[in-house]
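*Asks:* Next up is a structure, given as structure tokens.
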Protein chains: 2
Amino acid sequence: MRLRKDSKIEILTIGSELLTPYFQETNSQYLTQRLNDLGMEVSFKSVVGDDRENLLRAINEALSRSQIIIATGGLGPTKDDRTREAFAEALHRKLLFHKNILKKIEERFKRRGLSMPAVNRKQAYIIEGAAALKNKNGTAPGIWLEKEQQIIGLLPGPPHELKPMFEESVWPRLQKLSRFHVFRKVIKTASLTESQTETFITKLYPEDSSLQISTLACPGQIEIHLTARSEKSLAQAKNRVSRLEKKILERLKDHVFSSNGEELEEVVGRLLRSQKKTLAVAESCTGGLLGDRITNVPGSSYYFLQGIVAYSNQAKIDALGVKPAILIQQGAVSSEVAQAMARGIREKAESHYGLGITGIAGPSGGSPQKPVGLVYIALAWENGIEVVKNRFLGNREKIKFQASQIALDMLRERLQKKHKS
Amino acid sequence: MRLRKDSKIEILTIGSELLTPYFQETNSQYLTQRLNDLGMEVSFKSVVGDDRENLLRAINEALSRSQIIIATGGLGPTKDDRTREAFAEALHRKLLFHKNILKKIEERFKRRGLSMPAVNRKQAYIIEGAAALKNKNGTAPGIWLEKEQQIIGLLPGPPHELKPMFEESVWPRLQKLSRFHVFRKVIKTASLTESQTETFITKLYPEDSSLQISTLACPGQIEIHLTARSEKSLAQAKNRVSRLEKKILERLKDHVFSSNGEELEEVVGRLLRSQKKTLAVAESCTGGLLGDRITNVPGSSYYFLQGIVAYSNQAKIDALGVKPAILIQQGAVSSEVAQAMARGIREKAESHYGLGITGIAGPSGGSPQKPVGLVYIALAWENGIEVVKNRFLGNREKIKFQASQIALDMLRERLQKKHKS
């Protein structure tokens, strides 16, 4: 089959746990991303439980309105898992037993020193006319059925089973049907607002619908998504994105921290490690979040020496050497204290760089002069210091996150400047 | 209308952004929770974009299979917002203009010093026979239609508009229809595994289906959800839950940290504050996460004095007074170092309690003797110290979280023991 321009695509996620308040389903976001990467837009997403009648109802509706249906879940060995059976019934096709699949399932159990429970036998049944998709990380094979005007893929629910199966067996099959080659890139900035970003790039929005820019405001950062489609080749799509990326980078310059998928703490870690520099941080209102994010990067022990969370004034004096006079005259939330913290931790830890953060995370503790969200951030290095005053909006956790983001971005800019000079 | 026992409930979320990979939709989880609280189970969840044809298709399917339909999104002022119009069309009902609603929308803009854009006028139209639901936080009123055999509620998409509207206007209406009064309580433990918890409570599982226990394994904690339904009164449901809760608490004793919705860091904060005690923490592998969690609680500056993230050995020596000989003989990841860190930070910060964490978060750095996930946690107080050895599973972030959880729980147990004695 060849995909029509108006073909509808549906993701059907199956499982009663998805209809409780406790499960945040993520498979459909992943599938949407990968389908979009092929230039395929999703028209419907449906969630249904294991109840036979409801499941059949949802499957029949999907079959009647969509040309591509990707279903996830309900391929397990228990009685509640009836996706296989329900699709066979709705499609009026038999389930056929495959000896070689049973053998593989039995071997999988054997390798773990177990014998296969009888219930797993049903996973060796495949819908008539469909292909079995290999499951590297579980017993349930996927099922792939291509009819004249319709494609149906049944995939296991656990993400660590679904994702490799999709990449290895579904992606190549869908790629053959796709009318387009699609290439996508994400440019990230932490130092501009959404409207500032828009102002920079507004003249670059392409007329051509095969090349798209969309900006996405995430907590503490703005993402610019570039997507190119080509009917000719992936190289052409890549080329279009690269040309647009270059123009955007020329305008946004040092504001960009990543265009290769890296998070800000990863960029900072990579720069510190390659320049053989070390870091220590002094936090007040962020309470340890900055250190936490830095140490989420594997290998951070190569460059991260020490953090001090100086929440009380006494801790700022004792642990960081902030002078009591400054605390009294300027207050704990001030440019002077942020600088003294950055300098203090740098000297104490004998690191190349020191970051200091002091502010008011709220909800209480604000005043007209020093409102909730006011945060000073300082970066100290061998021959200098810089400090920025910020006014963040949002709740306590959002203010803390934005502060950690700006601190990391100050260091990132400094490391990149140094690198250039 | 009165709800039939087999009535089906559907949540229909509307908006093209929900069919992109970038939006994690949370309204349906919230609505599911609140419907469950009324003893109502959700049968279908559907997501559809703003496209007129697809939207009508999804609405018609919902109308044909479900007795209660709660739709969210698409009530805004732009052309893409067509939920109101599409439901009117599918129901073959007119949209009627309400002068008083328009007046309220105009006044809302006026209060902000703005005049109402012409596009907002359409928000003053309500489906024939339906009631308008007040929107405290936005311009779009909700729409509530009760037919003979069916109920349709249209709510705005932004959670800060949807939630107050649901609580004030939808909840009381649904409560009248509910066959049950439902009461729910969540008991949380951080020091037991799921199977240990099961062993403790396995004999308490009620025979009666109107009283339910379900355990949920969350990162770093196990939750026991108790739900009682009563056809008679809420008091009866509450009473049933209370009796069961009492029995469970008798068995789990000090393992329980919360049965009133509090998170572990909130419990610890409340206990420290009420006992007028202070805390300081010394972290290695958790990198600041413990301090971050403690300071996520508003008012934590009353009891949290200081944190030190001693990532390098030198920092452990300089900042916490850990003796070099211990580091050499026992290694940085050892019971002795955890204890020295807890004692060191307590003395340094002059706090009542000191917590010390040292371990291997991975993915690298492990050895057969000291594998990834090995974490020692020590708690020091005036007259004593305790230390526990843990072996956590999971990735870097999961190991860090579990370590912070056990540290908080050790302190919680100590504070509660002290309180009793």
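*Asks:* Name the residues of segment B:383-399, by number, that are at least 20 Å² less accessible with every protein chain in place than in the isolated chain; the surface is that of heavy atoms, probe 1.4 Å, without ligands or nucleic acids.
*Replies:* SASA drop of 20 Å² or more in segment B:383-399: B:Arg396, B:Glu397.
*Asks:* Any idea what angle helix A:27-37 forms with the longest principal axis of chain A, computed on alpha-carbon atoms, 0 to 90 degrees, nearest 10?
*Replies:* Helix A:27-37 and the main axis of chain A meet at about 90 degrees.
*Asks:* Where does the charge balance sit around B:Gly129 when Lys and Arg score +1, Asp and Glu -1, over other residues with C-beta under 10 Å from its C-beta? Could the numbers behind the result be given before it?
*Replies:* Numbers: positive: B:Arg93, B:Lys94, B:Lys147; negative: B:Glu128, B:Glu146.
Charge balance near B:Gly129 sits at +1.
*Asks:* Between helix B:99-111 and chain B, what is the angle of the helix's C-alpha long axis to the longest principal axis, kept within 0 to 90° and rounded to the nearest 10?
*Replies:* 40 degrees
*Asks:* Then there's this: When the dipole is taken about the Cα centre of chain A, and only Lys, Arg (+1) and Asp, Glu (-1) are charged at their Cβ, what size is it in debye, to the nearest 20? Display every interim value, and only then the final one.
*Replies:* Working: 64 positive and 46 negative charges, 240 e Å.
In debye, rounded to 20, chain A gives about 1160.
*Asks:* From the backbone phi of segment A:193-202, what are the Karplus-calculated ³J(HN,Hα) couplings (6.51 cos²θ - 1.76 cosθ + 1.60, θ = phi - 60°) in whole Hz, Gly and Pro given as x?
*Replies:* With coefficients 6.51, -1.76 and 1.60, one gets 7, 4, 6, 4, 4, 4, 4, 4, 10, 4 Hz.
*Asks:* Suppose you put the label 7 Å out from Cα in the Cβ direction; list, shortest first and in nm with one decimal, how far B:Arg112 is from each other copy's label.
*Replies:* 5.4
*Asks:* Can you give the FRET efficiency for B:Lys134 and A:Lys110, using 1/(1 + (r/R0)^6), R0 = 60 Å, r = Cβ-Cβ distance, to the nearest 0.05?
*Replies:* Values: r = 64 Å, r/R0 = 1.06.
For R0 = 60 Å, the calculated efficiency reads 0.40.
*Asks:* Could you let me know the centre-to-centre spacing of segment B:230-261 and segment B:122-188, using Cα atoms, in angstrom?
*Replies:* What the calculation gives is 29 Å, centre to centre.
*Asks:* Using a simple spin-label model with points 7 Å from Cα along the Cα→Cβ vector, what separation in nm is obtained for A:Glu386 and B:Gln369?
*Replies:* 4.6 nm
*Asks:* Where Lys and Arg each count +1 and Asp and Glu each count -1, what net charge lies around A:Thr197 among other residues with Cβ under 10 Å from its Cβ? Don't skip to the end; give the middle numbers.
*Replies:* Numbers: positive: A:Arg251; negative: A:Glu194, A:Glu198, A:Glu223.
Surrounding charge for A:Thr197 is -2.
*Asks:* Give the separation of the Cα centroids, segment A:70-97 to segment B:15-73, in Å.
*Replies:* Using only Cα atoms, the two centres lie 24 Å from each other.
*Asks:* Can you bin chain B into rounded, prolate or oblate? Criterion: square roots of the alpha carbon gyration tensor eigenvalues sorted a ≥ b ≥ c, rounded for a/c under 1.5, prolate for a/b above b/c, oblate for the rest.
*Replies:* On the way: a/c = 2.58, a/b = 1.95, b/c = 1.32.
In terms of gyration-tensor shape, prolate.
*Asks:* What whole-number value in Å² describes the accessible area per residue of segment B:181-258 for a 1.4 Å probe? Can you show the working numbers first?
*Replies:* Details: 4110 Å² over 78 residues.
Result: 53 Å² of accessible area for each residue.
*Asks:* Place +1 on the Cβ of every Lys and Arg and -1 on the Cβ of every Asp and Glu in chain A, take the dipole about the Cα centre, and give the residue among A:Ala88, A:Leu408, A:Asn135 whose Cα lies farthest towards its positive end.
*Replies:* So the residue we want is A:Asn135.
*Asks:* Turning to a different aspect of this structure: Tell me the angle of helix B:234-252 to the major Cα principal axis of chain B, expressed in degrees between 0 and 90 and rounded to the nearest ten.
*Replies:* The helix B:234-252 is inclined about 20 degrees to chain B.
*Asks:* Suppose every K and R has +1 on its Cβ and every D and E has -1 on its Cβ; what is the size of the dipole of segment A:9-177 about the Cα centre, in Debye to the nearest 20?
*Replies:* Values: 25 positive and 21 negative charges, 170 e Å.
Taking the Cα centre of segment A:9-177 as origin, the dipole is about 820 debye.
*Asks:* If you take every residue apart from A:Val333 with its C-beta less than 12 Å away from the C-beta of A:Val333, what net charge results, scoring Lys and Arg +1 and Asp and Glu -1? Don't jump to the answer; show the numbers that get you there.
*Replies:* Details: positive: A:Lys316, A:Lys370, A:Lys389, A:Arg391; negative: A:Glu336.
Here the count lands on +3.
*Asks:* Still on this model: Could you tell me which residue out of B:Gln196, B:Asn100, B:Gly288 lies farthest along the dipole of chain B toward its positive end? Charges go on the beta carbon: Lys and Arg +1, Asp and Glu -1, centred on the Cα centre.
*Replies:* B:Asn100
*Asks:* So for the pair A:Gln275, B:Lys103, with labels modelled 7 Å out along Cα→Cβ, what separation do we get in nm?
*Replies:* Between A:Gln275 and B:Lys103, the label points sit 6.4 nm apart.
*Asks:* Here is a further query. Take the Cβ-Cβ distance between A:Asp80 and A:Lys5 as r, set R0 to 35 Å, and report the resulting FRET efficiency rounded to the nearest 0.05. Walk me through the numbers before you get to the answer.
*Replies:* Values: r = 39 Å, r/R0 = 1.11.
Approximately 0.35, to the nearest 0.05.
*Asks:* State, to one decimal in nm and shortest first, how far the label point of A:Glu397 sits from each corresponding label point in the other identical copies (label point: 7 angstrom along Cα-to-Cβ).
*Replies:* For A:Glu397, the other copies' label points sit at 1.2 nm, shortest first.
*Asks:* Test of the criteria: in segment A:185-279, which trypsin sites (Lys or Arg not before Pro) are in a DSSP loop and have at most 15 other Cβ atoms within 10 angstrom of their Cβ? Let's see the in-between values first.
*Replies:* On the way: sites: A:Lys185, A:Lys188, A:Lys203, A:Arg229, A:Lys232, A:Lys238, A:Arg240, A:Arg243, A:Lys246, A:Lys247, A:Arg251, A:Lys253, A:Arg270, A:Arg273, A:Lys276, A:Lys277; in loops: A:Lys232, A:Lys276, A:Lys277.
Loop-located and lightly packed - A:Lys232, A:Lys276.
*Asks:* Quick one: putting +1 on the C-beta of Lys and Arg, -1 on the C-beta of Asp and Glu, what dipole do you get for segment A:199-268 around its Cα centre, in Debye to the nearest 20? Before the final figure, lay out each step's value.
*Replies:* Details: 10 positive and 11 negative charges, 100 e Å.
Dipole of segment A:199-268, to the nearest 20 debye: 480 debye.
*Asks:* Suppose R0 equals 25 Å. What FRET efficiency, 1/(1 + (r/R0)^6) with r the Cβ-Cβ distance, do B:Asn260 and A:Glu263 give to the nearest 0.05? Intermediate results must be reported in sequence, preceding the final value.
*Replies:* Working: r = 36 Å, r/R0 = 1.43.
Step by step, r from the Cβ atoms, then E = 0.10.
*Asks:* Can you compute the modelled spin-label distance between B:His92 and B:Ile328, with each label point 7 Å from Cα toward Cβ, in nm?
*Replies:* 9.2 nm
*Asks:* So, one more: By Cβ position, which chain A residue lies least far from the axis that rotates chain A onto chain B, and what is the distance to the nearest whole angstrom?
*Replies:* A:Gly288, 2
*Asks:* Can you tell me how much longer the chain between A:Glu53 and A:Leu177 gets when fully stretched, taken as 0.36 nm per residue apart minus their C-alpha distance, in nm with one decimal?
*Replies:* Values: separation 124, 0.36 × 124 = 44.64 nm, distance 3.24 nm.
Taking 0.36 nm per residue and subtracting the Cα distance, the gain is 41.4 nm.
*Asks:* Within the set A:Lys110/B:Lys398; A:Lys122/A:Lys185; A:Lys185/A:Lys417; B:Lys185/B:Lys276; B:Lys253/B:Lys400, which residue pairs have Cα atoms separated by over 32 Å?
*Replies:* Long pairs (Cα-Cα over 32 Å): A:Lys122/A:Lys185.
*Asks:* Report the one residue of B:Pro363, A:Ser46, B:Tyr30 whose Cα lies farthest in the direction of the positive end of the charge dipole of the protein assembly as shown (charges on C-beta: Lys and Arg +1, Asp and Glu -1; origin at the Cα centre).
*Replies:* Sorting the options by dipole projection puts first A:Ser46.
*Asks:* Report, in deg cm²/dmol and to the nearest 500, the calculated mean residue ellipticity at 222 nm for the protein assembly as shown, where each DSSP H run with n ≥ 4 adds -39500 (n - 2.57) and the sum is divided by the residue count. Mind showing how you got there, number by number?
*Replies:* Working: 28 runs with 319 residues, N = 842.
Value at 222 nm, helices only, nearest 500: -11500 deg cm²/dmol.
*Asks:* Whose amide H sits under 5 Å from the amide H of A:Ile127, counting only residues 5 or more places off or on another chain, with H placed in the peptide plane?
*Replies:* Result for A:Ile127 returns A:Leu96.
*Asks:* In addition: Inter-copy label distances at B:Glu89, 7 Å along the Cα→beta-carbon direction, one decimal in nm, shortest first?
*Replies:* In ascending order, 3.4 nm.
*Asks:* Can you list the GluC sites (Glu not before Pro) in segment A:185-214 that are in a DSSP coil and have 10 or fewer other beta carbons within 10 angstrom?
*Replies:* Those that pass, being in a loop and sparsely packed, are A:Glu207.
The values are calculated or read from the model by the stated rules, or taken from the named source; none is laboratory data. In this text the structure is predicted, and so the values were computed from the model without any measurement. As a convention, Cβ positions derive from the backbone with ideal geometry for all residues, glycine included, and neighbour counts pool all protein chains shown. SASA here: full protein model, heavy atoms, side chains in, ligands and nucleic acids out. Shrake-Rupley method; radii C 1.70, N 1.55, O 1.52, S 1.80 Å.
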